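> Take this structure, written in structure tokens, and hold onto it; I'll ask about it next.
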4 protein chains.
Amino acid sequence: MTTPVRSAPPGRPRDPRIDRAVLRAAEELVVEVGYADLSVGAIAERAGTTKPAIYRRWPGKAYLVHEAAFPDTAPGPAPDDGPLADDVRAMVSACRDVFARPVARAALPGLLAEVAGDPVLNGAVLARFRAGTWGAMHDRLTRAVATGEARPGVDPDVLIETVGGATLLALLNRPDGVLDDAWVERLTTLLLGGLLPEPG
Amino acid sequence: MTTPVRSAPPGRPRDPRIDRAVLRAAEELVVEVGYADLSVGAIAERAGTTKPAIYRRWPGKAYLVHEAAFPDTAPGPAPDDGPLADDVRAMVSACRDVFARPVARAALPGLLAEVAGDPVLNGAVLARFRAGTWGAMHDRLTRAVATGEARPGVDPDVLIETVGGATLLALLNRPDGVLDDAWVERLTTLLLGGLLPEPG
Amino acid sequence: MTTPVRSAPPGRPRDPRIDRAVLRAAEELVVEVGYADLSVGAIAERAGTTKPAIYRRWPGKAYLVHEAAFPDTAPGPAPDDGPLADDVRAMVSACRDVFARPVARAALPGLLAEVAGDPVLNGAVLARFRAGTWGAMHDRLTRAVATGEARPGVDPDVLIETVGGATLLALLNRPDGVLDDAWVERLTTLLLGGLLPEPG
Amino acid sequence: MTTPVRSAPPGRPRDPRIDRAVLRAAEELVVEVGYADLSVGAIAERAGTTKPAIYRRWPGKAYLVHEAAFPDTAPGPAPDDGPLADDVRAMVSACRDVFARPVARAALPGLLAEVAGDPVLNGAVLARFRAGTWGAMHDRLTRAVATGEARPGVDPDVLIETVGGATLLALLNRPDGVLDDAWVERLTTLLLGGLLPEPG
DNA sequence: TGATAAGCGAGACGGTACGTCCGGTCTTGAG
DNA sequence: CTCAAGACCGGACGTACCGTCTCGCTTATCA
């Protein structure tokens, strides 16, 4: 009996070296020239291949860049234990680290623009983020609310959006793109304790 | 003593009807086709004028669209009195209202992408926002911190970035672009009281 | 020995329908609006294509129009036999016919202006004319001089320039552009008197 | 009683130095850059004045250039006596001299192109030429036909067109623009052979 | 082993949109 | 009514780039 394993598709298989070379070239180039001035032709040239070879693999610049800028990575240490405050601080810091990488700083704004108009791309990007730190954090927050470690009524999604959005805008506001630990501390404090002074 | 009279500049004055027609056309078209598929030529045609007339007035599509999508408006009622909680809720609501307008939803993602790579445009956009509700809110928060109405150590800029960023990402995450009052309430509560339950 | 086979050039081949549509559109439009008011964009629109498709085929308006106005044609019946007088008359008449066509009347003045400043175009236009009636006539005259049928010392090039130039100016001088057979007869008579050897 | 003499027009009179400076600038520039690349703005700048001052004086580039390239000149010695052969040779030579001047070589082709589409300009140019050598030659030829010095039936206009056209095309054919005396002799001989009545 | 099918480099194509040049006009303020 | 200064409007330009296509070849699976 033959195995139900999907057999190889007919025809010549793709050269995996091209995949790697293109992703690497895209990563380099988006940092050098920015998302808007990044052209598929230039990526092909840098990667030592041709435009059709790229378009066979990705539907367009956005799909390629989002994979190059946010490659599938190990989800990092699950922030599963310790006090909630430490976990939130770690989440803010991780988000800052991810968004502040040069390739992310270069790619994100343009990527967001394309995501807004392309539901398919939107789903791909969200899936990529959910598979990383955000997914783990969502679970952590949900549990925290259930156990009373966090104030009841807090929506994990709102918190995640808030952390991500604040980081994004903070980076856009600072031309040098530096978000130091003091900034992390300020945002964490605000999120944990709120704006109002504690009563009593 | 120099005369405060501003004499008319030399040369033929601009036709103000063109300014208005172009802004109006840009506003309509960005909603109809989206920022990426918006072309200066199409705006010119819709406005009944030509591309050079537009390039004389704005350096490029982004400068034009940011003015069309966020026109100079009356700064709104100064949120000067009342409890801080109400003022923050009003600020969140106002930010939601501004960003959720169809023209803003259509323009913002593309605009952010261009802002990230153009410091001049960045300054222009920030100035436009600071002249509106954000400026007033900044003052309000600064005073609140000084009087002890808000927790000491809170940075007004961080709060503003947080509100703006959270709104932005929330809109991007929801294809229908609907942010109801319950969402406003959830975000306001988080910002006012924080994530952690009150001690004691 | 090199293979005489001409392999297909690399890349996507041109769509020959575009060549035909553009030439046809140029021919029509130059008659309708004149050479000066003829724009490449208008030709492209009439032909149902775009400007780059035209610029890929011709370096500019002049090259396109000269091909549209004077397409490669069968070289006509060789004026090889018969009395020289008849052949000269036929040549004058043919020149009149070629230049008096509406498309030629519309295109020639502007074309001459550009030819004067562009040696490459100059060569292209001359080659086109030499491949037609003028080339055959040149040979005919050269032989006539050699056999004594024409006065010795006559320069075939001078005669051809003279016929062409006289026709050109005659057309420019007559707003209706009508050069009747009487005009052909007058010019032929003038030229023949000098061309034929004097009877003993 | 006031004199019926037309009094000076109201308002500030035109500055005649501007007329001269503009004509001179146009003459220089058309030689330097050619008719097609000649812009009214550049003429104004070179002349030390402005475009409106030029447009007040001439309806357009063509009118200005034709005056700059072919200024009103003394009609030259009337070719009234001497053998017809000498007069024709002088006419050919004079035509060559006029057309071969650098400014004429630069201006003529472009001028012809505009003349072809503008009856008013056409009349202006023709009048300018008729006032010069061509007018005198026309009279000379008419008399010659009447007295039998020239072959009966010769049309003076055809001869003039022939000389002008042959010269024009000869210049266009020669990139260096040199028409030497041998060329004059060849053309004259060709024309005279047909023009003179056959002896005996 | 040969047929089938897809990938590959090379490179040109069709077409959208760009940003600019310049011709001709208009306004202001002075003469 | 002219002048200088200068900006304005709009037609047309020639180009850059995107995404696709054609070609001749290579590399694999399947019959």
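> Would you mind counting up the charge near B:L126? Only other residues with Cβ under 13 Å from its Cβ, with Lys and Arg at +1 and Asp and Glu at -1. Display every interim value, and only then the final one.
Working: positive: A:R174, B:R128, B:R130; negative: B:D118, B:D157, B:E161.
Summing Lys and Arg as +1 and Asp and Glu as -1 gives 0.
> Using a cut-off of 29 Å between alpha-carbon atoms, which lysines can reach C:K51, once sequence neighbours fewer than 8 places away in the same chain are excluded?
Output for C:K51: A:K51, A:K61, B:K51, B:K61, C:K61, D:K61.
> Label-to-label distances across copies for A:S93, with labels 7 Å out along Cα→Cβ, in nm, shortest first?
So the label point of A:S93 gives 3.9, 10.1, 10.1 nm to the other copies.
> Also, quick follow-up: Averaged over every viewing direction, what's the projected area of the C-alpha convex hull for the protein assembly as shown? Give it in nm², one decimal, please. The partial results should precede the final answer.
Numbers: hull surface 248.1 nm².
Computing the convex hull of the Cα atoms and averaging its projections yields 62.0 nm².
> Can you give the FRET efficiency to the nearest 0.05 for B:Y55 and C:E28, using r as the Cβ-Cβ distance and R₀ = 25 Å?
Working: r = 33 Å, r/R0 = 1.33.
With a Förster radius of 25 Å, E is 0.15.
> By the gyration tensor of its Cα atoms, with a ≥ b ≥ c the square roots of the eigenvalues, what is the shape of chain C: rounded for a/c under 1.5, prolate for a/b over b/c, or oblate? All intermediate terms of the calculation are to be shown ahead of the outcome.
Values: a/c = 2.77, a/b = 1.59, b/c = 1.74.
Here chain C falls in the oblate category.
> Output ³J(HN,Hα) for segment D:163-170: one whole-Hz value per residue in order, computed from phi by the Karplus curve 6.51 cos²θ - 1.76 cosθ + 1.60 with θ = phi - 60°, and x for Gly and Pro.
4, x, x, 4, 4, 4, 5, 4
> Using only Cα atoms and rounding to the nearest 10 degrees, what angle (0 to 90) does helix A:133-147 make with the longest principal axis of chain A?
30
> Measuring from a point 7 Å out along Cα→Cβ, what nm distances, shortest first, does D:D37 have to its partners in the other copies?
2.8, 3.0, 4.3
> Let me ask something else. Taking the 0 to 90 degree range and rounding to the nearest ten, how far is the long axis of helix D:102-117 tilted relative to the main principal axis of chain D, both from C-alpha atoms?
Computed tilt is about 90 degrees.
> Also, quick follow-up: Need the C-alpha centroid separation for segment B:7-60 versus segment D:42-62, integer Å.
31
> For segment A:16-69, place one equal point scatterer on every Cα, skip the solvent, and apply the Debye formula. What is log10 of I(q)/I(0) at q = 0.27 Å⁻¹?
One equal scatterer on each Cα of segment A:16-69 leads to -1.08.
> Given the -39500 (n - 2.57) contribution per DSSP H run of 4+ residues, what per-residue ellipticity at 222 nm results for chain B, rounded to the nearest 500 deg cm²/dmol? Walk me through the numbers on the way to the answer.
Details: 10 runs with 130 residues, N = 200.
Helices in chain B give a 222 nm mean residue ellipticity of -20500 deg cm²/dmol.
> Measuring from a point 7 Å out along Cα→Cβ, what nm distances, shortest first, does D:A124 have to its partners in the other copies?
Label point to label point, same position, other copies: 3.2, 4.3, 6.4 nm.
> Just to be sure I understand the model, the point goes 7 Å from the Cα along the line to the Cβ. What's the resulting C:D72 to A:D72 distance in nm?
Between C:D72 and A:D72, the label points sit 5.7 nm apart.
All of the numbers you see were taken from the coordinates with simple rules; none came from a lab. Computed from a predicted model, the values in this text were never measured in an experiment. Quick reminder, even Gly has a Cβ in these numbers, built from the backbone with ideal geometry, and neighbours come from all protein chains shown.
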